[in-house]
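Worksheet for the structure shown next.
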Amino acid sequence: MNNTVVMLLRSMLGSLRDLTPILLVVLFFQYIVLQQHLPNVGELLQGVVFIVLGLTLFIHGLEQGLFPIGESMARAFAKKGSVKWLLIFAFALGFGTTVAEPALIAVAYEAASVAADGNIIASTEDAKLDYANGLRLTVAFAVGLAIVIGVLRILKGWPVHYLIIGGYVMVVIMTFFAPPEIVGIAYDSGGVTTSTITVPLVTALGVGLASSIRGRNPMIDGFGLIAFASLTPIIFVMAYGMFLN
């Protein structure tokens with residue numbers, strides 16, 4: 001119990017340290033550049049306290065839960081020697097974490113609202129919901145496939161830069177053919193997938209898998225899965241837009 005309290009206090013101090021530069025920037029521009037007082041100081045301070053507590057608990061949860069379970073499951077699948085189940089697990093992990101990603105949910109519903117305002121889809125709640133769900137499922141499928149490709153790269157020892165360069169060449173080519181309305185959403189979809197839920201588990205999977213395979217370096221081979229998770233949604237969302245168009 002005492003160790004847990006000490007770790008929480010250390011995480012809280014770390015969160016305060018990380019937030020300090022942001023607070024200094026805001027205060028500098030508010031008082032020096034704009035020469036205005038902060039509105040609702042009490043509510044702002046309360047918000048800062050909640051942010052610090054949220055970051056502290058989130059980081060502690062990652063260290064105690066997500067990272068260990070991701071690494072342990074990767075090692076267990078590697079020892080079992082079943083490539084099929086490892087790839088199924090990789091896809092399910094990528095798909096499940098992306099569907100639950102709050103940033104993707106927000107972007108998908110915002111994109112549906114804008115599409116309705118631009119008369120791309122009908123201005124009904126059902127049409128918006130179908131568009132948003134279609135976008136979310138497309139991105140989730142893309143991330144699941146990306147994690148499968150990343151796991152195969154670790155197993156086979158493929159160089160990561162060739163795969164990334166080839167993927168972005170495809171992105172550039174598809175940009176010229178995709179509807180202009182979907183291009184920006186596709187590029188943003190690649191960013192929102194690499195957020196609070198997806199990154200910790202996927203990183204733990206890669207590091208744990210590379211650590212369990214003889215001849216693989218966790219530093220060299222364990223990372224790179226997040227790059228695939230950012231790349232494939234761009235391709236799939238542009239394809240989704242071309243299909244709808």
Ignoring ligands, DNA and RNA, what percent of the accessible area of region 90-186 is carbon or sulfur (1.4 Å)? 71 percent
Using R₀ = 30 Å, calculate the FRET efficiency as 1/(1 + (r/R₀)^6) where r is the Cβ-Cβ separation of Asn245 and Tyr162; round to 0.05. 0.45
Length released on extending from Ser123 to Leu23, taking residue separation times 0.36 nm less the Cα-Cα span: 31.9 nm
For the chain, the dipole about the Cα centre with charges only on Cβ (Lys and Arg +1, Asp and Glu -1), to the nearest 20 debye, works out at 1280 debye
Starting from the Cα gyration tensor of region 202-245, take the square roots of the eigenvalues, sort them a ≥ b ≥ c, and report rounded, prolate or oblate (rounded when a/c is under 1.5, otherwise prolate if a/b is larger than b/c, else oblate). prolate
Solvent-accessible area per residue, Å², over region 31-140 with all protein chains present [probe radius 1.4 Å]: 60 Å²
Which value, in debye to the nearest 20, gives the size of the charge dipole of region 1-122 about its Cα centre, when Lys and Arg are +1 and Asp and Glu are -1 at the Cβ? 660 debye
Hydrophobic long helices for the chain, i.e. whole DSSP H runs reaching 27 angstrom or more by Cα along the axis with Kyte-Doolittle mean at least 1.6, come out as 41-61, 225-244
Sort 183-189, 232-238 for me by packing, meaning the mean count of neighbouring Cβ atoms within 10 Å per residue, highest on top. 232-238, 183-189
Name the residue from Ala115, Ala74, Val143 whose Cα lies farthest towards the positive end of the charge dipole of the chain, charges +1 on Cβ of Lys and Arg and -1 on Cβ of Asp and Glu. Ala74
Summed over the other residues with a beta carbon less than 13 angstrom from that of Trp158, with K and R at +1 and D and E at -1, the charge totals +2
Please list Phe67, Phe50 in order of solvent-accessible area, largest first, computed with a 1.4 Å probe with all protein chains present. Phe50, Phe67
26 Å Cα-Cα reach of Lys156 towards lysines, excluding residues that sit fewer than 8 places from it in its own chain: Lys79, Lys80, Lys84
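The values are calculated or read from the model by the stated rules, or taken from the named source; none is laboratory data. It should be emphasised that the depicted structure is a prediction, and the values quoted were computed from it without experimental measurement. Backbone-built Cβ (ideal geometry, glycine too); neighbour counts: all protein chains shown. Ligands, DNA and RNA are stripped out before the accessible areas are found, and what is left, the full protein with its side chains, is counted by its heavy atoms. Shrake-Rupley method; radii C 1.70, N 1.55, O 1.52, S 1.80 Å.
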